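> Please see the structure below; I have some questions.
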Ligand code: SF4
Ligand SMILES: [Zn+2]
């Protein structure tokens, strides 16, 4: 996944920066192949340490390491950084998004996700704003079968994982959530991060 995917940047609205002082292209110099290879190797080492330096600034005060952010960058991302499209501000936003994503992967709402919202695919969610949306950041959890914390109690009878038995109100959980020996009562309200909306 590229930084554009993580930050939801539409390529058609990208505004390339005019230049990046630390990445100004050097003029090609004449020389034999060995000299060129040696020079390219030194340039790539220098570029790599410049990137790590930049990432050290990026990560200051955030709960993420330089190597974690570096590992999240694809070759195309590094090319964007080299060209000045991936600015320090964007790197910082990317690092914050990675911290948020890590929390979300563990089923925890990031800082600021304190409003009740609704995703048409995920159901009730914690978000930074209220409203109803066609998709949301928790959709990644839904697709990856990871927990989604819910802002309120849910009912098994509305859940896609509920398997009703031959009883008007009892059933079982298809994803192994705790239940009483007799099963789950369909209309009981519970806090379950594995609840997913039943689509009928
Ligand atoms: S995932 Fe949770 S809400 Fe859904 S059936 Fe299982 S226990 Fe009930
Ligand atoms: Zn969603």
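> Using only the alpha carbon atoms of segment 140-200, find the Kirkwood hydrodynamic radius as the inverse mean reciprocal pair distance, in angstroms to one decimal. List each step's numbers first, then the result.
Numbers: mean 1/r = 0.0844 Å⁻¹.
Computed over segment 140-200, the radius equals 11.8 Å.
> With viscosity set to 1.002 mPa s at 20 °C, what whole-number translational diffusion coefficient in µm²/s follows for segment 40-182 from Stokes-Einstein and a Kirkwood radius over Cα pairs?
On the way: Rh = 18.3 Å.
The Stokes-Einstein estimate is 117 µm²/s.
> Now for a separate question. If r is the Cβ-Cβ distance from residue 47 to residue 140 and R0 is 41 Å, what FRET efficiency results, to the nearest 0.05? Please list the in-between numbers first.
Numbers: r = 31 Å, r/R0 = 0.76.
Calculated value: 0.85.
> Please compute the length gained on full extension between residue 172 and residue 115, using 0.36 nm multiplied by the number of residues separating them and subtracting their Cα-Cα distance. Present the calculation step by step, with values, prior to reporting the outcome.
Values: separation 57, 0.36 × 57 = 20.52 nm, distance 3.10 nm.
Result for the pair: 17.4 nm of gain on full extension.
> Grab the Cα-Cα distance for residue 185 and residue 67, subtract it from 0.36 nm times how many residues apart they are, and report the gain in nm with one decimal. Could you put the intermediate results ahead of the total?
Numbers: separation 118, 0.36 × 118 = 42.48 nm, distance 4.73 nm.
The residue 185-residue 67 span can extend by a further 37.8 nm.
> Here is a further query. Arrange the following residues from fewest to most other Cβ atoms within 10 Å of their Cβ: 161, 106.
Starting with the residue having the fewest Cβ neighbours, the order is 106, 161.
Since every read-out is calculated from the coordinates, none of them should be taken as a lab result. Because the structure is predicted, anything quoted here is derived from the model rather than measured. So basically every Cβ, Gly included, is an ideal-geometry build from the backbone, and we count neighbours across all protein chains shown.
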